[in-house]
Every structure is written in structure tokens, then in C-alpha cells.
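Below: the structure, in C-alpha cells.
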Ligand code: ADP
């Protein structure tokens, strides 16, 4: 809004200056046009000026002036003048005697012929008859056309006998001036317009005419006096010789009209030539320029407003961003404090946990130690029981053997020594079991075929099986049952399970053991069922504990199932105990099936163990 007001203010201030500038520019261009116009006019005047002098030199003119009644001579001169006028493109060429009477003229054939007319009152005649060059501008009396007249005396022996006059019309010049965007006015010394591109201005006076001048003009019949009215003008100078001239034109044209004017004088003729350029164009140009200026200011204003608005928006956005950043920073700082506290808490908790872990480990170590001590106590008790009983027996058999030998009863003595030896064997057996319990195999597990292992176990127990008349019923698969394990240790487990089965069925008339080997998914399962009393519920949870036994001292150590359990676990398998629905116990040995390419591996495995 402010910019619009500024634009209007600048336009108002600048418009008059711009208009003046364009007016001066138009004036300068007009001056150039005026110079050309004046040169053209001057050139024409100069061209016609010497003509009457040249024509006057023709002898025939003097002849006819001396004999004005010679019709033949008059006819010849008339024709000559007509041809001359035609050649010179002059309006008229005519010859007057010393009174001003025309005796021959180029227009002799025309209706309005000059012949017989007297121009003695015309200044050009009087100037010439006095011996000089006559010149005059006037409205033709005969023709009614405006013309410029030159006249020169015809002399015979330095005596003036007549005058030759040449008239040319000025209308063709005016025709040349029309068509441009300017007007031309030619005024004489009295300020009478006698030439103008606008015919309405002809014979108007640019300044008031004195009565004297008016009378003089009337006397020589130069202009039609009735048309010589004042043409009101006002002139205000612009620059140099350029002025603003307003001229009252006819009402049809809308009263007064303003022009940019410039004037040049033709001194010889005593004329002032003025060029008039309408101001409208300069006005329009100024308007255009001022509009562009106003538009530019508005554009600049809008640009500036846009820039300022963008700048304000940008600053606002920066402020918002800064505020957001500050908020964020504050929040980060708060969060950092929170995090630090949380971290400190966590560090504290970790420390506490580590302490707790250490304490736990300590407790565990202590517990293990206590467990070990308990196990050691348990074992010591069992071992002392196991060893004390045969040792007591060995002691009594040895004492008895000594007594039998002293009495010479060698047979009884031998029997006692044999029993001592049997006791020693039993103690060796206990020791071997203990070693197995303590020992941990170093070898890695390998693929082992289970059927040969089982056959070996049966072979080891063959003596006992036969003595007990046990019916061993085997259900074996067609495919070889490769499992992951060790040959000797598996054999040890199977022997153990079979021994337990035999123990359970002791005293039975026809004991039966059912052995079934079958594939169960990724495993092989070996089930050994006896027909003994089974395992009661109280016992079944403890049978895998070391040294748990229900057997009488000397019959069982309670280590067999414990060792077996550990062996199978080492092979990644399972050993399960349960009672059969009908009778007896079922021990189920599950082992992972092994992928085997060559059976030679089994031999290697056996050798390694
Ligand atoms: P031991 O044979 O020296 O007693 P084990 O560890 O081999 O030691 O067996 C532990 C106990 O498990 C046995 O004393 C017995 O009570 C029970 N047991 C083992 N096998 C059987 C079975 N086939 N039938 C019934 N009870 C069994």
C-alpha cells in the first residue's frame, strides 16, 4: 500500500519532467525537419530568382515592346513565353510594358489570360521598373492561386522598356509538407500566414495588424483582407529555440491545440518558417514512461515486501528451531541425568549381583565340599562295611586254618584258605568297581554296532545264565543298530543290567529275560525285561544313586546302575527304569543312532578302548 502511494507520488512528480523531456526531444527532431523544409523552400526561391533576368535578355521581348501592335511578333512572343513557362514548370511567365500592362503572357491561350491586364500596382512591378529584381508574394488576382512573383526589367540601350515577371505556385510545397505528423506555417514580416500545411490558417495573422499595414496590403491587393483575422496563439519557451505554442483552431477541432514549435527565418524573403508538432505523442510517451516507472516502483516494492516477509518468516523459523533445539538440549540433559542415575543404579545392581554370585559360588563350593565330604562319609561307611565283613571272615578263616594245620587237619585248613582266597577275590572285585566309578573315559565316543556288544555281554554271562537256566528271548532288528558310544562301556552297562535281572529272578524255577532292540526315530532303544518282583515305588527314585542297594551286604555295592547311568549320559543317551504292566522290571537303554559308512570304525573304536 505504501509502495503504491510512493509510486503515485513519484509519478506525479516525474510526469511533468518526463513530458518536458519528451517535448524537447520532439522539438529537436522537429528542428531537423524544419531545417530540411526551409532548405527546400530556399532552394526553390533561389532556383526561380534568376529566371526573369535570363528571360529578359531575349531580344524578341525588346522588339515586341518596341512594336506592341505587331500581331505576328506578339503571337511569337506569347508562344515563346508559354513554352518557357512549361519548361520552367512556372505558373506564369509574362511581359509588361512600363505602365504595367501585360502585352504577352504564357497564359495567352487560357480563359483567364494575363494579356491586357495591368499589374502596375504590384510591388514586384514597381521594384523591377525601377531597375531592380522584383519579388513578391500574393494571392493571384486572375487565378485566385497563391504564388511567388519574380520580376526583372527589359532594357533597350540601358533604358527600361518593360518588365518580365515569373510566377510560381506555392501549393506544391504545402502538399509536400502534409502527411507528416507535423504542421508548417510560413509567415511574412507582418505576421500574416501565407503558407501552411493547414489551409484554414491561410492569410490569418499571428499578431494584430496595424491599420497602416492593413491599408498597404489592401493597396497592393496582396491578400484577401476579409480573411486576415487574428489567429490567437500563446507561446511559452521550453529550451533554446523550442517553445510550446498553443493555437486556437476551428471549433470543429476542439478549440485550442498545443504544439511543440520551432522557428527559422528565410532572410532574403523576410519569412519565418515555423514547424508545429502536436504534444500528444510526447504526452503519451511521458505517460508510458511514468507508468513503467510506477510499475517498477510497485514491482520493487512488492519484491522488497516479499523479501522482507520471507526474511521475517525465516527469522521466525530460525527462532522456532532454536527454541526447539534448546528444549531438546534441556530434555537431553534431563535424560542424561536420568540415564546416569539409571546407569549408576545398574552398576550398583551389577556389583550387588556379582557379590551375590560370588557368595553363591562360595556357598556352592562349600556345598560341594560338604557334599563331597558327605559322599566320602557315605562311601567310607559302605567301604568299611564291604571290606570289614570279608576281612573279619578272612581273619576267622586264617585263624581257623592255623588251628586246623596245628591239629594236622590239612583238608579243613585247605578249605579255609580257599575261602580266604575267595574273600580276596571279592575285595578285588569291589576295588575294580570303585575304580570304574572313579575313572572317566578319555576316549571320544564313536559309532558302535549294538548287536555284537550285546552278544559279547551274553557271552561273558554265559556261565551264570546257564547255571540259572534262564531263557533269554531276543528280538533283534534286521538292520545293524549303529549307535554313538563305546564298545566296552556299553558292554559293561548291558552286563550290569542283565546281572540285576538275574539277581531279581533268583530262586525262580524257569526265569525269562526278554531283550528287544528297536529303532525309535533318531534313537535305538534296548529294552531288558525280567520277570522278577519289579521295583517298589519307594525305591525307584533312588536306584540310580551311588551306593543305593536293596541287596544284602556282600551281594551288591549299589554302584552298578549309578555307573551305568553316567556312562549312558556321557554317550548322549538315556537310561530309564520302570515296572512292566504285568510283572518284573523294564530297563530301557536309549542311544543316539549313528550314521556309519564303514563298519571298520567299530574295530578302531574297540582298539581305542
Ligand atoms: P546292586 O545291584 O549292587 O544293588 P545296582 O545299582 O545295580 O546295585 O542296583 C541298585 C538297586 O536297584 C538294587 O539293589 C535293586 O534294589 C534295584 N534293582 C536293580 N535292578 C533291579 C531289577 N531288575 N529288579 C528289581 N530291582 C532292581
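Between residue 70 and residue 158, what length in nm is gained on full extension when 0.36 nm per residue of separation is reduced by their alpha carbon distance? Don't skip to the answer; put the middle values down first.
Details: separation 88, 0.36 × 88 = 31.68 nm, distance 2.32 nm.
Difference between extended and current length: 29.4 nm.
Per residue, the average separation of C-alpha pairs within less than 8 Å and at least 6 apart gives the chain a relative contact order of 9 percent.
Here the residues 77, 493, ranked from fewest to most Cβ neighbours within 10 Å of their Cβ, fall in the order 77, 493. Once the C-beta distance of residue 171 and residue 295 is scaled by a Förster radius of 35 Å, the resulting FRET efficiency is 0.15 to the nearest 0.05.
Helix 71-88 and the longest principal axis of the C-alpha atoms of the chain enclose an angle of approximately 20°. Taking 0.36 nm per residue of separation and subtracting the current Cα-Cα distance, fully stretching the chain between residue 343 and residue 395 would add 11.4 nm. Centre-to-centre, using Cα atoms only, the range 302-357 and the range 173-211 are separated by 92 Å. Report summary: the helix-based calculation at 222 nm, which adds -39500 (n - 2.57) for every DSSP H run with n ≥ 4 and divides by the residues of the chain, gives -18000 deg cm²/dmol. Secondary structure note: in the chain, about 95% of the DSSP beta bridges are antiparallel.
For the range 243-292, the fraction of C-alpha pairs farther apart than 17 angstrom is 53 percent. Take 585-595, 463-473 and order them by the average number of nearby Cβ atoms within 10 Å per residue, most first; the result is 585-595, 463-473. Which residues in the range 1-23 have a backbone N closer than 11 Å to a point placed 7 Å from the Cα of residue 319 along the Cα-to-Cβ line? No residue passes the distance filter. Place a point 7 Å from the Cα of residue 305 along the Cα-to-Cβ direction; which residues of the range 1-40 have their backbone N under 16 Å from it? Residues 1-9 qualify, since their backbone N sits under 16 Å from the label point.
The mean sequence distance of close C-alpha pairs (under 8 Å, at least 6 residues apart), as a share of the length of the range 224-366, puts its relative contact order at 9 percent.
Given an 8 Å cut-off on Cα distances and at least 6 residues of separation, report the relative contact order of the range 45-134 as a percent.
Values: 100 pairs, mean separation 15.2, N = 90.
The normalised contact order for the range 45-134 reaches 17 percent.
Between residue 478 and residue 361, take the C-beta separation as r, use R0 = 30 Å, and let me know the FRET efficiency to the nearest 0.05.
Details: r = 53 Å, r/R0 = 1.76.
FRET efficiency, residue 478 to residue 361: 0.05.
What's the extension gain from residue 226 to residue 455 if we count 0.36 nm per residue and subtract their Cα-Cα distance? Mind dumping the intermediate values first?
On the way: separation 229, 0.36 × 229 = 82.44 nm, distance 16.93 nm.
Fully extending the segment from residue 226 to residue 455 adds 65.5 nm.
Between the helical axis of 450-460 and the longest alpha-carbon principal axis of the chain there is an angle of about 20 degrees. For a paramagnetic label modelled on residue 331 (point 7 Å from Cα along Cα→Cβ), amide N atoms under 16 Å away belong, within the range 298-325, to 320-325.
In degrees, nearest 10, range 0 to 90: what is the angle between the Cα axis of helix 560-570 and the longest Cα principal axis of the chain? The helix 560-570 is inclined about 20 degrees to the chain. Apply the Debye scattering formula to the chain, with a single equal point scatterer on each alpha-carbon and no solvent, then give log10 I(q)/I(0) at q = 0.11 Å⁻¹. With no solvent term, the Cα-only Debye profile gives -1.10. Working from label points 7 Å from Cα in the Cα-to-Cβ sense, the residue 12 to residue 424 distance is 14.7 nm.
The numbers here are math on the coordinates, done by the rules we state, and not lab data. Just so it is clear, the model here is predicted, and its values are computed rather than measured. Here Cβ is always computed from backbone atoms with ideal geometry, including for glycine, and neighbour counts include all displayed protein chains.
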